[in-house]
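Down below is the structure, laid out as structure tokens.
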Amino acid sequence: TGNMKVGIVTFTFGDNYGQRLQNYAVQELLQRRGADASTIRQSEPRCSLKHQVKVFLVDSFAGKRGAKRARHSAFLRFDEEHIKYEPNYSLPDFPPRKSDGFDAFVAGSDQIWSPYIPDSNGAMFLCFAESVKKVSLSASISAPELPMEKKSAYRERLAAFDFISVREKNAARLIKECAGLDAEVLIDPTLMLDAADWDKLAEAPAALLPRRYALKYFLGSDSPKVAMFDEYCKRAGLEVVDLLGDPRFFACGPSEFIYLIRNSSLVATDSYHGSIFTLLYRKPLLMFERAGSQFDMSDRFDTLAEKLGLGNWREANWNYLESGEPKSFDVEDKLRIERAKFDSFLNRSLFSKSRKEIVYHG
């Protein structure tokens, strides 16, 4: 298939490492197969003035305003250098009913199918695309159940896809229950590139790093287990670099994020993509449950642990903190199997003549 034109639809606003790096990975996987792949920008959701003032005050109080601006610039720089955006359109005003030379659209990865995001016009379900192939790539629903009032919309939108793959087992279950469709469960696209691929993007942060350090990266609130981690770092002579807590490192963009993980001696995180990059770089990993989040997010970690043979990730490595040292997981063999499944899905869905794999079983 010479230069097949593929549009990628995923989250494009918000300075979130995992979001941007999975976008890059999808683009890279499609381009490697010779596709002309570009990402369609989302228009940013409007925030109320009240919300903007609140954010301003909270950031000012935390001394983060400068760091936030620097972080945003780092993301913009990453976008310019590494993400190919569709020049003519953005969502949701992408021209409906007119697919403009695109041969296919890919939805994913990331939590684009969460019932709790304001996707009123179904852009994340590719509702605007007509008469071209529609494929989802490791899309995530990231909710334990679908709200009753959203089920019929999900049923209708999912039925319009030609091929569906999701990132979590629970998402496959919800799709089966709601729409009677079989979705394949695939790994996150970031796992499809190896450490050598990611090395090309890595950049040292502006702030000076300690010679030996442990990286702490928490999106939720601190778990009581953090004290154990801190004690271990003291014993092991590791300085702690707090990615979100220290304004010098908060200013880092995706390229610096990769560098920080690559050069660390240990990573403690409740972040899904933080865990993935730690595994790819074979660094010792302490995975925390996300604390203080209103939704249960453990499902994606459970699926990841199962696919990569991490055993009980909630306990793995903790016992070592008291008696020895945390180890890195060897995921190579499992990863080879999962990458082959992902490749096979891509070849079947986008890069073959076949249409409409999904069939009703209802």
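The values are calculated or read from the model by the stated rules, or taken from the named source; none is laboratory data. Given the structure is predicted, the values throughout are model-derived calculations rather than measurements. For neighbour counting, all protein chains shown are included, and Cβ atoms are generated from backbone atoms with ideal geometry for every residue, glycine included. The area values use the complete protein model at the heavy-atom level, side chains included, leaving out ligands, DNA and RNA. Shrake-Rupley method; radii C 1.70, N 1.55, O 1.52, S 1.80 Å.
At-a-glance table
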item: Residues being of a type in the set (A, V, I, L, M, F, W, C) and surrounded by fewer than 17 Cβ atoms within 10 Å (Cβ to Cβ) - total across region 138-194; result: 4
item: Scan of region 248-264 for residues that are open to solvent by less than 10 Å² (accessible area, probe 1.4 Å) and within 22 Å of residue 329 (Cα to Cα), ordered by number; result: 257, 258, 260, 261, 264
item: Whichever residue in region 208-217 is open to solvent by 20 Å² or more (accessible area, probe 1.4 Å) and in contact (Cβ under 8 Å) with a residue 40 or more places away in the chain and, among such residues, is farthest from the chain's Cα centre (by Cα); result: 212
item: Elements of type helices (runs of 4 or more DSSP H) in region 224-340, at least 3 residues being among the charged types (D, E, K, R); result: 226-236, 298-308
item: Where a residue in region 15-32 is within 18 Å of residue 218 (Cα to Cα) and its partner, wherever it lies, is of a type in the set (Val, Ile, Thr) and assigned to a helix (DSSP H, G or I), with Cβ under 7 Å and at least six apart; result: 21/190
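Rundown of residues vs (1) within 17 Å of the chain's Cα centre (by Cα); (2) exposed (fewer than 14 other Cβ atoms within 10 Å of the Cβ), yes/no style:
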| site | (1), (2) |
| --- | --- |
| 243 | no, no |
| 246 | no, no |
| 266 | no, no |
| 279 | yes, no |
| 305 | yes, no |
| 317 | no, no |
| 323 | no, yes |
| 339 | yes, no |
| 352 | no, yes |
